[in-house]
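Read the structure below first, then the notes.
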Amino acid sequence: MTEAISLGPFLIPTRPAILMFSILFAIWLCGFISRKYKTFSRRSRSDVEAIALYSLIAARLGFVVMNWEAYQANIWSVLFLWQPGYDLSSGLF
């Protein structure tokens, strides 16, 4: 897989783009299914959004715990969410 996609002057990293499209697809799919079966759409969409947010936070915190030595010197770098550093296993659980 290529590391980034070039769209004119923009360079889009592949993995974060796939993650964002997957989250947006899950939100759309949840809304589509809830409209089809006449359930309350806003509740199900907000549940998917909350799960995505909590999973990203857990994945970041899992990575920070596993690499604590690197973050001890500059604790504020934990909040730099645009930098790489997410643990898939922590995000899934």
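List every residue pair whose Cβ atoms lie under 8 Å apart, where the two residues are 6 or more positions apart in sequence or sit on different chains, the first residue falls within the stretch 60-80 and is farther than 18 Å from SER90 by Cα, and the second residue, located anywhere, is in a helix (DSSP H, G or I).
Here the result reads SER77/TYR71, each pair linking the stretch 60-80 to a residue that is in a helix (DSSP H, G or I).
Across the stretch 26-49, what is the total count of residues that are among the hydrophobic types (A, V, I, L, M, F, W, C) and either exposed (fewer than 11 other Cβ atoms within 10 Å of the Cβ) or more than 20 Å from the chain's Cα centre (by Cα) (or both)? Break it down stepwise before answering.
Restricting attention to the stretch 26-49, the residues satisfying the condition of being among the hydrophobic types (A, V, I, L, M, F, W, C) are 26-30, 32-33, 40, 48.
Then keep just the ones that are either exposed (fewer than 11 other Cβ atoms within 10 Å of the Cβ) or more than 20 Å from the chain's Cα centre (by Cα) (or both); that gives 32-33, 40.
Looking only at that region, the number is 3.
Can you name the residue in the stretch 8-21 that is among the β-branched types (Val, Ile, Thr) and in a helix (DSSP H, G or I) and is also most open to solvent (accessible area, probe 1.4 Å) among such residues? Working first, answer last.
Within the stretch 8-21, the subset among the β-branched types (Val, Ile, Thr) is 12, 14, 18.
Filter again for in a helix (DSSP H, G or I), leaving 14, 18.
On the way: THR14: 11, ILE18: 84 Å².
For the stretch 8-21, the residue satisfying everything is ILE18.
The values are calculated or read from the model by the stated rules, or taken from the named source; none is laboratory data. What you see is a predicted model; the values in this text were computed from it and never measured. In this analysis, Cβ positions are derived from the backbone assuming ideal geometry, glycine residues included, and neighbour counts consider all displayed protein chains. Each accessible area value is taken on the protein alone, full model and side chains, heavy atoms only, with ligands, DNA and RNA left out. Shrake-Rupley method; radii C 1.70, N 1.55, O 1.52, S 1.80 Å.
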